[in-house]
């Protein structure tokens with residue numbers, strides 16, 4: 001199954017991760033791994049899904065990698081910046097993001113798109129939210145409800 005076929009099943013609290021070739025296979029019951037695909041095709045598929053919005057998380061370590069140690073890392077960062085230029089991006093240490101993914105996978109679906117990228121700390125994580133109902137609307141609704 002391909003990501004565009006899976007996305008209609010996903011919603012808020014689900015995750016999509018686009019990862020490098022050495023990213024380990026997660027075996028929690030809520031994880032689906034797709035081998036193949038790209039960051040660009042994933043963003044395109046997410047953007048084409050009107051029922052979801054997303055927050056982007058990237059590895060904090062990415063900012064500190066240097067070209068002599070990781071040839072191609074500058075080009076990757078430029079590509080990532082262009083792709084995500086209008087989006088807020090949260091940077092967290094890789095291990096913190098993985099712990100969050102592991103905790104979520106026990107209850108909610110996590111889709112991992114494994115690419116052929118051979119650069120470390122290039123994983124991009126998308127925490128999905130509802131595309132037609134946001135935090136502002138939720139806060140307004142809660143303010144009208146009596147305390148329970």
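The values are calculated or read from the model by the stated rules, or taken from the named source; none is laboratory data. Note that the structure is predicted; figures quoted are calculated from it, not measured. Note that each Cβ is placed from the backbone with ideal geometry, even for glycine, and that neighbours are counted across all protein chains shown.
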Next on the checklist: Testing residue 78 on (1) surrounded by fewer than 13 Cβ atoms within 10 Å (Cβ to Cβ); (2) modelled with pLDDT under 95; (3) more than 13 Å from residue 125 (Cα to Cα), one condition comes back false. Which one is that?
Outcome noted: (2)
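Against the definition (under 16 Å from residue 118 (Cβ atoms), outside any loop (DSSP other than H, G, I, E, B) and touching a strand residue (DSSP E or B) at 6+ places or on another chain (Cβ under 9 Å)), how does residue 57 come out, yes or no?
Spelling it out, it is not the case that residue 57 is under 16 Å from residue 118 (Cβ atoms), outside any loop (DSSP other than H, G, I, E, B) and touching a strand residue (DSSP E or B) at 6+ places or on another chain (Cβ under 9 Å).
Look through 26, 62 and report the one residue that is crowded, with 17+ Cβ neighbours inside 10 Å, over 13 Å from the mean Cα position of the chain (by Cα) and part of a loop (DSSP other than H, G, I, E, B). Lay out the reasoning, then the answer.
Values: 62 fails: part of a loop (DSSP other than H, G, I, E, B).
Going through 26, 62 in turn, the sole match is 26.
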Checklist entry - Across segment 65-88, what is the total count of residues that are within 22 Å of residue 53 (Cα to Cα), touching a helix residue (DSSP H, G or I) at 6+ places or on another chain (Cβ under 9 Å) and not in a loop (DSSP other than H, G, I, E, B)? => result 3
